[in-house]
Amino acid sequence: DTGVSQDPRHKITKRGQNVTFRCDPISEHNRLYWYRQTLGQGPEFLTYFQNEAQLEKSRLLSDRFSAERPKGSFSTLEIQRTEQGDSAMYLCASSPAGANVLTFGAGSRLTVL
Amino acid sequence: DQQVKQNSPSLSVQEGRISILNCDYTNSMFDYFLWYKKYPAEGPTFLISISSIKDKNEDGRFTVFLNKSAKHLSLHIVPSQPGDSAVYFCAASLQGAQKLVFGQGTRLTINP
């Protein structure tokens, strides 16, 4: 198993453009999480899935953000009409059901110009 | 509302000495605590954890102490090694909740 994979690792975009990040979790993990980390801060929870069901969303996840996990395997996080404040590291993590420990991917860094 | 706080942004320690990283929390309902380590350009990696029913957990050079009355936990690394230089995050979870709440992180530098 290669762990949690995220793609792309770095995305530079202009304000107003849409971006999409992909996460491939550890195959036997049925929970998948998205976090956002800005400079000098710890990861902040955005949303999580159990299988294909999105069970919780943070109020940080504005209506410009949407996450999907259509077949309970990989997940995508889309940001529409990006703003400079969206510049951050977007981290994906996965875990087995009931586990407290999350395994993180290396993250996708978004820079909005 | 920062429920998990790491008040020291950075810490510098001599190689071979003890490193002590601190974390405070405000929510008494947290029942599980974790430490993660993060190197540049990598995601956080799990280091050690402790349940609220314990006050100490040890794994090799790493020991986590939990003081529930003070709502405080600490990570001790002894002896410190240059490879321990990284950003350390403490995190907490609520019983029945499925997410971790992270502190802001402490950058640990081990000097040779």
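Couple of notes before you dig in:
- Looking across segment B:22-51, just one residue is surrounded by 15 or more Cβ atoms within 10 Å (Cβ to Cβ), away from chain A (no Cβ under 13 Å) and farther than 13 Å from B:Tyr88 by Cβ, and that is B:Asp24.
- Filtered residue count, segment B:68-112, keeping only those that are touching a Lys or Arg at 6+ places or on another chain (Cβ under 8 Å) and either among the hydrophobic types (A, V, I, L, M, F, W, C) or within 25 Å of A:Leu46 (Cα to Cα) (or both): 11
- Tally of residues being within 11 Å of chain B (Cβ to nearest Cβ) and either loosely packed, with under 12 Cβ neighbours inside 10 Å or over 15 Å from A:Ile26 (Cα atoms) (or both) across segment A:58-99: 5
- Some residue of segment B:54-76 being crowded, with 17+ Cβ neighbours inside 10 Å, within 11 Å of chain A (Cβ to nearest Cβ) and within 16 Å of A:Val101 (Cβ to Cβ): no
- Filter result (within 18 Å of B:Leu108 (Cα to Cα) and either more than 8 Å from every other protein chain (Cβ to nearest Cβ) or of a type in the set (S, T, N, Q) (or both)) within segment A:37-53: A:Leu39, A:Gln41
- Within the set B:Ser12, B:Ser93, B:Ser19, B:Ser85, the sole residue that is touching a residue at least 40 places away in the same chain (Cβ under 8 Å), away from every other protein chain (no Cβ under 14 Å) and surrounded by 15 or more Cβ atoms within 10 Å (Cβ to Cβ) turns out to be B:Ser19.
- Qualifying residues in segment A:2-18 (those that are modelled with pLDDT of 95 or more and among the small types (Gly, Ala, Ser)) - the one farthest from A:Ser73 (Cα to Cα): A:Gly16
- For segment B:96-105, residues that are without any contact (Cβ under 8 Å) to a residue 24 or more places away in the chain and either within 13 Å of B:Leu34 (Cβ to Cβ) or surrounded by fewer than 18 Cβ atoms within 10 Å (Cβ to Cβ) (or both) total 3.
The values are calculated or read from the model by the stated rules, or taken from the named source; none is laboratory data. These numbers were taken from a predicted model, which means no experiment stands behind them. We place every Cβ from the backbone using ideal geometry, glycine too, and count neighbours over all the protein chains shown.
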